[in-house]
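The values are calculated or read from the model by the stated rules, or taken from the named source; none is laboratory data. Note that the coordinates shown come from a computational prediction; the quantities given were computed from them, not determined experimentally. Cβ atoms come from the backbone with ideal geometry, glycine included; neighbour counts cover every protein chain shown.
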Amino acid sequence: MNPTLRRLLREARPFYPRLIVGSLLGVLAGVAPLTLAQVAVFLQSDVLVEHPHWDILGLVVALILVSQIVGNAAAYGQAYLTAFSGQRMVATFRARMFERIARMPLRDFDRWRPGELQARMTSDLGLMTDAISISLPQFVQVTVTFVAALVYMLYLDWFLAVVLFVAAPVIAFVVSKFNALIVAGTKRAQERIADLSSNLTEVLQNERIVKAFRREDFERDRFAAANERYFGAYMKVTQFNQTQAPVLATVVMIALCLIIALTAREVSVGRLSPATAWGFWTATGLLINPMNRFSIFFADFARAFVGAGRVFDILDLPIEPNDPPDAVPLSAVVGDVRFENVTFSYDEGRPVLINFTAEMLHGEVVALVGPSGAGKSTIVNLVPRFYEPEGGRITVDGTDIANVRLGDLRNAIAIVPQETQLFNGTIADNIRYGRLEARDDEIVAAALEANADEFVRRLPDGYGTLVGERGIRLSGGQRQRLAIARAILRDPRILILDEATSALDSHSEALIEDALDRLLPGRTTLIIAHRLSTIRRATKILYIEAGTVRETGTHESLIAAGGPYADLHAAQFAR
């Protein structure tokens, strides 16, 4: 059995009761059309042709009406139950995919393009949705009709029915070949739509850069090329789909012509009555429609299996491990952070940190200084366990963070990034993100501490103002102050700052510097430093180069030492 199909069946277990009821209704809906074949026998019988019996005619009419009403009602119930089960399963997949992506380790997350993940959650799930909501209910019904018609034909004349089986191997061969082409083509098409989605996401996220460098035409051409590649791949799949149906229809029609000729011969030699022949032909007509539609269903299922496989790729991605049973609780955090011979690399054979050893004690403002690529960002990302060190250990208050409860560790940390990241909600919602249970008065107090309250109250909706996606409706300084308010509300013991003022005007910088003066005391603060004002605020400076600490001290002591920090200061920070 196909591994993807096996897993889908396993995932569908919670919905088996509904699917069983739906299948039983599908059986009823599929058998109902067979009454038409029996009606054909009645209408061609001597009883009605030579000596009409009105009671039998009334029975025939009633049979037609009842079969249609029951069949349609059963088809509705089967379609609803099947679609409900399928959509619920897809919705479950969507929620699980989101959780899996959210809990993915950053090391793995960074390897994925955002557009690729979006395509998996939309386009690939869409393939499954179409197959489950539309094709699967119809497939059950027409399969029952097909089997019932075939059984009825065997009952009427087994020899003529066996003749149809001659076409079965040919049909199976054609379907298998086309399905292989459809699967390969669908995989290419899904890869192309992922490329297209990634291209679109990049442009939307970097619209200002595109305009600043006048690359509208370049991006238009790049997107058009990706769009054409997707169009070509999609049309190839369409070509296979549309070719499969007429090829199968031709095979089926040849078999049907043979059946008609043989039936006429059987009637002429007296082995088959005209009434039975009409019933056989009617059953054959009921058989033909499912045979033609099977090609469409199989193509839909083939595409759905491709989508399901790509969905399972996401569901099988690693996640941050759960806390082990013996995980150490981290309560009443003081904030003493120590790195002990830590080694880390993003790519094998290219270490970023090499036996890195340093300490950041509570109450200290530690500035991480050094050339680009020295490992500063890696250091601050290791503290909240965004990444796991490959060697050595990191401790908080003397406890190895690899052994503590991850939730306790991260609850003690707040981050204010250089590029402020806000969510598409209200100002109050974005501040409350620091502590979801915070009261409105606590949000206002945090905004006051961050010097954000003064601009918030000038907005028409105040704290209810929508900030737009990524905070686009606010200025850089306003976004940064909200990020500081979010950190203040969290009241962390360990604060990580990626130079919060490096890209702001002097007025915004002054307001944020004032807010930081209130935020930093009493905490362990790690700052990736770019500006002289930040470095001078630090109580300790770690000069980092090639993944190791080259110098440690205050600004004044390191300048006096005349070492690499003094050289960097002279080259980059001198006014």
Answer from P384, P321, P329 - the residue that is under 38 Å from the mean Cα position of the chain (by Cα), assigned by TED's automatic domain parsing to the domain that holds I541 and not β-branched (V, I, T):
P384
Among (1) crowded, with 19+ Cβ neighbours inside 10 Å; (2) over 30 Å from M360 (Cβ atoms), where does R481 come up short?
(2)
Taking the condition assigned by TED's automatic domain parsing to the domain that holds R518 and closer than 21 Å to T525 by Cβ, does G434 pass?
yes
Just give me the residues in the range 333-359 being of a type in the set (G, A, S), modelled with pLDDT of 85 or more and in a loop (DSSP other than H, G, I, E, B), in sequence order.
G335
Conditions (1) closer than 28 Å to R518 by Cβ; (2) in the same structural domain as D110 (by TED's automatic domain parsing): number failed by A299:
(1)
Answer residue from the range 89-131, given it is part of a helix (DSSP H, G or I) and among the acidic types (D, E) and is farthest from F305 (Cα to Cα) among those:
D108
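For (1) modelled with pLDDT under 75; (2) within 30 Å of the chain's Cα centre (by Cα); (3) not in a helix (DSSP H, G or I), each residue gets a yes or a no:
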residue: L204; (1), (2), (3): yes, yes, no
residue: R214; (1), (2), (3): yes, no, yes
residue: F218; (1), (2), (3): no, yes, no
residue: D221; (1), (2), (3): no, yes, no
residue: A226; (1), (2), (3): no, yes, no
residue: G232; (1), (2), (3): no, yes, no
residue: Q244; (1), (2), (3): yes, no, no
residue: V247; (1), (2), (3): yes, no, no
residue: V252; (1), (2), (3): yes, no, no
Determine whether the range 14-25 contains at least one residue that is modelled with pLDDT under 60, touching a Gly at 6+ places or on another chain (Cβ under 8 Å) and assigned by TED's automatic domain parsing to the domain that holds V140.
no
Going through the range 404-437 in order, the residues found to be touching a Lys or Arg at 6+ places or on another chain (Cβ under 9 Å) and either on the phi > 0 side of the Ramachandran plot or part of a helix (DSSP H, G or I) (or both) are L406, L409, R410, N411, N430, I431, R432
Quick check: anything in the range 75-88 assigned to a helix (DSSP H, G or I), within 20 Å of the chain's Cα centre (by Cα) and under 26 Å from V203 (Cα atoms)?
no
For the range 390-404, check the following and say yes or no: at least one residue is over 19 Å from T552 (Cβ atoms), of a type outside the set (D, E) and in contact with a helix residue (DSSP H, G or I) (Cβ under 6 Å, 6 or more places away or on another chain).
yes
Evaluate the range 389-403: report whether one residue or more is closer than 29 Å to A452 by Cα and either part of a strand (DSSP E or B) or not acidic (D, E) (or both).
no
Matching residues in the range 26-76 (surrounded by 18 or more Cβ atoms within 10 Å (Cβ to Cβ), at pLDDT 70 or above and among the small types (G, A, S)) number 8
Limited to the range 438-477, what total is found for residues that are part of a helix (DSSP H, G or I) and either within 14 Å of V416 (Cβ to Cβ) or not assigned by TED's automatic domain parsing to the domain that holds P417 (or both)?
5
